[in-house]
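Student: To start, I am sharing the structure in question, which I have written as structure tokens.
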Amino acid sequence: MSRLSHDLSKPSAPANLGHDLRALVEPLMQQVIDARTEAAELEGQVRLLEERAQSSREQDELLATLVAGSWRERREARKAAIASLRGRG
């Protein structure tokens, strides 16, 4: 017999029933809160990794343009790189 069915099968006063239910529910609620907190932290880490990956892709594209692009593409890539560096500083 499970703890809940055993606890509910006992005749008890309404005050005891409320206490018993709270004792069962509170640990579960704490697990939900902990899981949601961890999920939020993991989402933040995923967002950070996605931003880094996007930045890396942009840098790779810029390098490819600087190496293999036409003179106009290289000029525009240099301008974009300079503007990007000024934006970071």
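Student: Taking the conditions exactly as written (at pLDDT 90 or above, surrounded by 11 or more Cβ atoms within 10 Å (Cβ to Cβ) and in a helix (DSSP H, G or I)), does residue 36 satisfy them or not?
Tutor: Details: at pLDDT 90 or above: yes; surrounded by 11 or more Cβ atoms within 10 Å (Cβ to Cβ): no; in a helix (DSSP H, G or I): yes.
No.
Student: Going residue by residue through the stretch 67-79, is there one that turns out to be part of a helix (DSSP H, G or I) and of a type in the set (Ser, Thr, Tyr)? So that I can check it myself, show each step before the final result.
Tutor: Taking the stretch 67-79 first, the residues part of a helix (DSSP H, G or I) are 67-68, 71-79.
Then keep just the ones that are of a type in the set (Ser, Thr, Tyr); that gives none.
No: zero hits.
Student: So which pairs qualify, if the first residue must be in the stretch 77-89 and surrounded by 10 or more Cβ atoms within 10 Å (Cβ to Cβ), the second must be at pLDDT 85 or above and outside any helix (DSSP H, G or I), the Cβ gap must be under 7 Å, and the two must be at least 6 apart or on different chains?
Tutor: Close Cβ pairs (under 7 Å, with a partner that is at pLDDT 85 or above and outside any helix (DSSP H, G or I)) amount to 77/69.
The values are calculated or read from the model by the stated rules, or taken from the named source; none is laboratory data. Remember, it's a predicted structure, so these values are computed and weren't measured experimentally. For neighbour counting, all protein chains shown are included, and Cβ atoms are generated from backbone atoms with ideal geometry for every residue, glycine included.
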